Amino acid sequence: MIRTTILCLTWLIAWSGLSAQEAPPAINCKISLYLVGGKAKGAQAVAQGATRKAEKLYYFSAGEAHEVTVRSGQRTRAFQYTGPPDFKLYRLTGVGTDGLPTYSVAASISLKPGEQHTLLTLLEQGARYALLPVDLSRAAQERDTALMLNLGNLTIACLAGDQKFTLKPLESKQVPLRPVGSDLQFEIKCAAQLKDDWTIVYSGSQTVRKDSHYVFLLLPEDDGSVYRVIRFRV
């Protein structure tokens, strides 16, 4: 009986040690943020004298709080995040009775293990933001390509270069750029079904460089009848 008890205790100790080792792996990832702005908040409106929305947010990396300012229509500089997979952005709400800052969660997302570089697009949803990740970990190996991401709530049909495809809401597609010479005007046309008819919502070209990787965010204006393209060179 005593031997059985000892064996059980030994097994429990070993199991508890194994469980402790199975904690979620720490993430070590380079992150940049992009706050999506509406028609009245984007770069074109700012050029006409409108005010760009800006907000200070905070994240915890390696146990320390860091401040980052997001501005609508602008991408932040990349920062290094080290911590649990559950990445959170916070708002500073005040100071507690212990004299320490207090925070409320403004956005959260679970990062994938092994992810090394990501762009998080911030979409306003009331008092909080939704975070939509764009994995850039393989961007250095995927040259002469572009990742196209539909940020609208409608399925759109696209012709990008010589590629024809459809994109559901929040769906992405990797397309080849096939550059010629040093620069290329990459033609893009997209249509959406509005009022039972297919209507062109974007038609234009994007200047891209040889041996580069891009992200194109297809973003609808407020009424959804016109899209614009937000471009990032990675």
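Note on Arg75 and Ser225: their simple-model spin labels are 3.1 nm apart, each label 7 Å out from Cα toward Cβ. With the whole protein complex present, Lys88 retains an accessible surface near 60 Å², based on a 1.4 Å probe. The 3J(HN,Hα) values that the Karplus relation (6.51, -1.76, 1.60; θ = phi - 60°) gives for segment 81-93 are, in residue order, 10, 10, x, x, x, 7, 7, 10, 10, 10, 9, 7, 10 Hz. Gly and Pro appear as x. Evaluated with a Cβ-only charge set (Lys, Arg +1; Asp, Glu -1), segment 86-234 carries a dipole of roughly 280 debye about its Cα centre, given to the nearest 20. Taking the Cβ of Arg178 as the centre, find all other residues whose Cβ is under 9 Å away and add up their charges (Lys, Arg: +1; Asp, Glu: -1). Counting the neighbours of Arg178, the net charge comes to -2.
Using the Karplus relation 6.51 cos²θ - 1.76 cosθ + 1.60 with θ = phi - 60°, the per-residue 3J(HN,Hα) values for segment 211-222 come to 6, 10, 10, 10, 10, 10, 9, 8, 10, x, 6, 4 Hz, with x marking Gly and Pro. Residue separation of Asp162 and Tyr58 scaled by 0.36 nm, minus their Cα-Cα distance, works out to 33.2 nm of gained length. Computed on the Cα atoms alone, the convex hull of segment 45-134 gives a volume of 120 cubic angstrom per residue.
The values are calculated or read from the model by the stated rules, or taken from the named source; none is laboratory data. This one's a predicted model, so the numbers in the text were calculated from it and none came from an experiment. Note: ideal-geometry Cβ built from the backbone for every residue, glycine included; neighbour counts use all protein chains shown. The protein model used for the area step is the full one, side chains on, heavy atoms only, and it has no ligands, DNA or RNA in it. Shrake-Rupley method; radii C 1.70, N 1.55, O 1.52, S 1.80 Å.
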